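The values are calculated or read from the model by the stated rules, or taken from the named source; none is laboratory data. Because the structure is predicted, anything quoted here is derived from the model rather than measured. Methodologically, a virtual Cβ is constructed for each residue, glycine included, from the backbone with ideal geometry; neighbour enumeration extends over all protein chains shown. Just so you know, the surface numbers come from the protein's heavy atoms only, side chains and all, with ligands and any DNA or RNA stripped out. Shrake-Rupley method; radii C 1.70, N 1.55, O 1.52, S 1.80 Å.
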Amino acid sequence: MEEPQEISSTDGGCAGDIVIEKFLVESKMPTPPAQLACGRQHCAFPLHGNELCVWTAEDPSQQLLVLRGHHQPISAVAFGNAAAPLLMCSASPDYVIMWSLDECRENVLEGLSPRGTVLGVLLGKVLCLRFSPDDRVIAVCAGSKILVLDSESRSTLAALEGHQGPVTAAEFCAWQAHVIISVSEDRSFKVWDHHVGSLIYSSPVLAASPLLSLAINEGSEQLVTGCAEGQLCIFSLVDGHHYRCVTRVDLRKKRESFSTRRLEPNPGSLPAESQLSSANELGKGDEAEATLPVLGLARCDLALGLSSECGLVSSGKTSCLWIGSSAGLFIFNLANFELEAVLHYKDFRNLSIQVAGSCAVMSKTSDEKAFCVLTSMFGNRIAGLEVNLAALLRRQRHPALGTRLSVLPSSCVLPTSPLHFGTVKGSSAEPACRKQSAARSAVKDQALVFHSKVRSSGYASAPHATMFSPKTNIKNDCKRASERKNRYKWKDSPAQNPLPTRLSRRLAVAEGRAAVRCVQFSGDGKRLACGSANHLALAFDADLTGTPAVFTGHDGAVNSVCWSHDGRWLLSASQDGTLRVWSARRTEAVLCLGKDVFPKPVQAAQFYYIDTFILLSSGPAVQLLTYHIDARQDDMRRYKPRGRCRAVVKLPMTGAAEVTSLSATNDFYSYLVLTAGRNRTLEVFDLNVGCSAAVIVGAHSRPVHQICQNKGSSFTTQPSQLYNLFATRAIGDGIRLWDLRTLRCERRFEGHLNRCYPCGIAFSPCGRYVACGAEDRHAYVYEMGSSTFCHRLSGHTDTVTGVAFSPSAPQLATATLDGKLQLFVAE
């Protein structure tokens, strides 16, 4: 055992409450890159070349244990997975030795030299060792081969050959005991069945530099690889996904984006001047660092309470990874593919190692801390760091963490709110007291009669004459939403929801190839509306049978359609700069707003506040209009809309950016409106106050073309959590799922599905699935808990431009660029 003075303990806190340097060891020889081992209470590393050093936090009086048995420099060390007995394996070009740590401790106490068990001799340079989950098998990465050794019989079970370069890392798959995944300097990964010694899958070349590390996340069933240039590749290991790539991440770019969005530290909470370089340096790290090589990947266990407190993903336990690099440590979120925390070594002056050559890290869930062992890239030092996860995450939490927004209102409408004033006389938004007063005054203007109805006077009803043949089969469309009976009830459990995956019907909307740009089901699920590039809006029966209702009048492509909450009206916005409201049963325009009202074309429009207002975007502003529709027929002015509207409030976007999309809830009274701008910014407006409530800068790498709220109609559990989720989509940047309460990106879905055309997205009524269109002539369905799709819907003949779930049946409607509608139903 080495003398205690070789350990430089700095428990006094070299970096405040975030990181503490627990020990420092000086080696007699330079420390070349090697695989280090870090466990719950121990860490192991090569010392003086051919000696193995084990440090433990259990007994401060005997912290350092030196094991001798190798004659050449040790290049790899690994711990077993079982707590008792704790096994350890070390490798050098001459020997591969397995040690029992408990036996070694006992030998030292008895004055004997610890001895290990030799498993292999003269295997060459070993870059990685890995124990199987039950510690019975050890994978030895020697050169371009992987030798599978039996730890009990000390025999070679299999030799896996196929890589064209040295194998740098390997992992056993926890839920498939026979599977080993390896990465190599040949820049590929391979999947092996070590029971039969065969190759299952070989990936193409993934990067321009060698792959150095990999990690397998059991919760999300994903594989993460890291290369020498700081690139991460995430792959799906779900059965049937065929190891497809979910996303690629540039660690350097993620660090830069993290620095721009992180909360600036409060000067009162900074460590002392001698401990921290400066407030400005924290988060910047080594600006001169050309790349951030991924030296190691390890699971980062965050307790649910800690993750919720620090603003991380709130739905369940957070799946994160530790990324060890030469410049620092990073916590990477596997749900949204963003950095949650960054710890740069150079930000803390008293740390002995500023640039690392090797790194290993392990989280300790018991006390919300992590332990890391480093070797210096340019010196002989080896250091152990203890990181306080809670302090690190609190210091670097999201700027909007203190903003608690919700679509569910928590207070009454303010007397000064735009939702309280500015109503058109006679509209549904008019206050009740004003309506009652108007009703009393209206009695004075009526004829003096003794009957409630006089057939000859015409005061009590509209004229009965019509210009065309009457429709006698019209049903009463004024039923309250609570009285509508859905044919199908979506369940809370995803397993109970039969997703619509079978193509039932395909219908050409118009002759030629006029693109269908948007599609939406009515609130009762009985009708389906769509907007076409041939200037038409159409309404079909939900099963796409019968003759559709055609709404004509626009002079440009119809960008958006929206049903009213009661299903009586259909709103459409067109590229001709006009907005029209149609009677759903008579296909007549009852309200028309032209270019004289809006200075720029309307990009998005919808009914709002249970049909009280019309909400729209025009240019760089969001406008709230109150309206009144006169549904009475006038034989002399049949085709002149008699409706009227008035502007209530106009809210400009921050930075005067053009509004590309908006979304608000119309199923219940909600004050919040979500908008997306051309400058890649998301902004939330609170119409109860009449101002901006929050801004998210740089939400995507490209402008967002659609924002969609989770407006599920059948939530029975956790409605607040689900209602506050919304999704955004940008061309070439995929789909992101956000939580309105924290304004954080909860999850990212695969982003390679649309690169040129804006394709639509939609939430399922149960609120647990997201559907999207794609340019590869497919529609994709994602489950909330996974970043990769669970279903791919075929049968389309062109780019899928729009998707819509039925609120009353397991149906999904899709629209394509060649002017067709597809209806998918459950199997």
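How much of the accessible area of segment 777-822, probe 1.4 Å, is carbon plus sulfur, in whole percent?
Carbon and sulfur atoms account for 44 percent of the accessible area of segment 777-822.
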request  = Lys and Arg at +1, Asp and Glu at -1: add these up for the other residues within a Cβ distance under 15 Å of Ala557 and post the number.
outcome  = 0
message = I want to make sure I understand the PRE zone here: with the label point 7 angstrom from the Cα of Gln176 toward its beta carbon, which residues in segment 218-238 have backbone N atoms less than 17 Å away?
response = 218-225, 234-238
inquiry  = If I take R0 = 30 Å and measure r between the Cβ atoms of Thr547 and Asp667 in this structure, what FRET efficiency does the formula 1/(1 + (r/R0)^6) give, to the nearest 0.05?
reply    = 0.50
query = On average, how much accessible surface per residue is there in segment 715-816, in Å², for a 1.4 Å probe, leaving out ligands, DNA and RNA?
reply = 25 Å²
ask   = With every protein chain present, what accessible area does Glu229 have (1.4 Å probe, heavy atoms only), rounded to the nearest 10 Å²?
value = 80 Å²
request  = Of the listed pairs Lys28/Lys346; Lys254/Lys369; Lys600/Lys650, which have alpha-carbon separations greater than 20 Å here?
outcome  = Lys28/Lys346; Lys254/Lys369
query = When all protein chains stay in place, what accessible area (Å², nearest 10, 1.4 Å probe) is found for Arg395?
reply = 30 Å²
Per-peptide average of other Cβ atoms within 10 Å, ordering 293-301, 105-113, 78-86 highest first = 293-301, 78-86, 105-113
Net length gained if the chain between Arg702 and Ala208 were fully extended (0.36 nm per residue, minus Cα distance) = 175.3 nm
query = Taking a label point 7 Å from the Cα of Ile200 along the Cα→Cβ vector, which residues of segment 143-175 have an amide N closer than 16 Å to it?
reply = 160-161, 170-175
request  = Could you sort 114-121, 801-808 so that the peptide with the highest average Cβ count within 10 Å comes first and the rest follow in order?
outcome  = 801-808, 114-121
Charge sum, other residues only, whose C-beta stays under 15 Å from Lys600's C-beta, Lys/Arg counted +1 and Asp/Glu -1 = 0
task = Would you mind pulling out the separation of the Cα centroids of segment 557-602 and segment 318-345, in Å?
result = 48 Å
inquiry  = Which residues does the label zone of His71 cover in segment 113-135, counting backbone N under 18 Å from a point 7 Å along Cα→Cβ?
reply    = 115-126
ask   = What is the distance in Å between the Cα centres of segment 506-521 and segment 171-201?
value = 47 Å
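Working out 0.36 nm times the residue gap between Arg506 and Asp555, then minus their Cα-Cα distance, what length gain in nm do you get to one decimal?
Here the answer is 14.9 nm.
Working out 0.36 nm times the residue gap between Leu157 and Arg248, then minus their Cα-Cα distance, what length gain in nm do you get to one decimal?
Roughly 29.3 nm would be gained on extension.
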key: Heavy-atom accessible area order for His195, His48, largest first, 1.4 Å probe   = His195, His48
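With every protein chain kept in place and ligands, DNA and RNA left out, what is the accessible area per residue of segment 34-122? Probe 1.4 Å, answer in Å².
Using a 1.4 Å probe on heavy atoms only, each residue of segment 34-122 averages 42 Å².
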Cβ crowding within 10 Å averaged over residues, with 587-599, 731-743, 166-178 ranked highest first = 731-743, 166-178, 587-599
key: Inter-label distance, nm, simple model (7 Å from Cα along the C-beta direction), Val238/Leu122   = 5.0 nm
